[in-house]
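The values are calculated or read from the model by the stated rules, or taken from the named source; none is laboratory data. A quick note: this is a predicted structure, and the numbers were derived from the prediction, not measured. Cβ sites come from the backbone with ideal geometry, for glycine too, and all protein chains shown count toward neighbours.
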Amino acid sequence: MSHPMMCTTTMPNMESAKKMAKELVESRFAACVQIMPINSIYRWKGKIEEENEVLLICKAPTYHHEALEKAILERHPYELPEILFFKGVGAYAPYFEWMENCIINKGT
């Protein structure tokens, strides 16, 4: 049984985030991608870094997570991109049906 899923990743700027989001939706790896600017603080190579980034929240059915991960990795500029998957416990049925139809080439 499939469930709704959200996948997050970050991009270095709005231009690259919009490009990634459009490619993921156009290629049917995600039904929807939300984009928002964020400030990230993290440890990288022994230093504490602080960067303005852009968060992408990609929505797709859980059975599609491997294809979505591969698509993100093929397009991502970071050496070690954040790719986190969150399985939803449920969704509004008509929305989830739309989500699945977008992925399997029936959505409009």
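Tabulated results
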| item | result |
| --- | --- |
| Any hit, segment 34-52, residues being crowded, with 16+ Cβ neighbours inside 10 Å and either at pLDDT below 95 or closer than 24 Å to Ala93 by Cβ (or both) | no |
| Options Tyr42, Tyr78, Tyr95; residue that is over 13 Å from the mean Cα position of the chain (by Cα) and assigned to a helix (DSSP H, G or I) | Tyr95 |
| Residue under evaluation Asn101, criteria (1) surrounded by 12 or more Cβ atoms within 10 Å (Cβ to Cβ); (2) modelled with pLDDT of 95 or more, criterion not met | (2) |
| Top-ranked residue of segment 81-92 - restricted to ones that are part of a loop (DSSP other than H, G, I, E, B) and either more than 15 Å from the chain's Cα centre (by Cα) or of a type outside the set (D, E, K, R) (or both), ranked as nearest to Thr9 (Cα to Cα) | Ile83 |
| Lone unmet requirement of (1) in contact with a Leu (Cβ under 7 Å, 6 or more places away or on another chain); (2) farther than 16 Å from His3 by Cβ; (3) not aromatic (Phe, Trp, Tyr) for Ala30 | (2) |
| Matching entry among Leu68, Leu56 (being assigned to a strand (DSSP E or B), modelled with pLDDT of 95 or more, buried (at least 16 other Cβ atoms within 10 Å of the Cβ) and aliphatic (A, V, I, L, M)) | Leu56 |
| Selection count where residues are surrounded by 13 or more Cβ atoms within 10 Å (Cβ to Cβ) and touching a Pro at 6+ places or on another chain (Cβ under 9 Å), scope segment 83-94 | 2 |
| Flag if Tyr63 is touching a strand residue (DSSP E or B) at 6+ places or on another chain (Cβ under 7 Å) and either surrounded by fewer than 16 Cβ atoms within 10 Å (Cβ to Cβ) or assigned to a loop (DSSP other than H, G, I, E, B) (or both) | no |
| Filtered residues of segment 48-65 (kept if farther than 12 Å from Ala30 by Cα and within 12 Å of the chain's Cα centre (by Cα)) | Val54, Leu55 |
| Residues that are closer than 23 Å to Phe96 by Cα, in contact (Cβ under 8 Å) with a residue 12 or more places away in the chain and out of contact with any Lys or Arg (no Cβ under 6 Å at 6 or more places or on another chain), drawn from segment 7-22 | Cys7, Thr8, Thr9, Ala21 |
| Test: residue in segment 10-24 that is assigned to a strand (DSSP E or B), buried (at least 17 other Cβ atoms within 10 Å of the Cβ) and not charged (D, E, K, R) | yes |
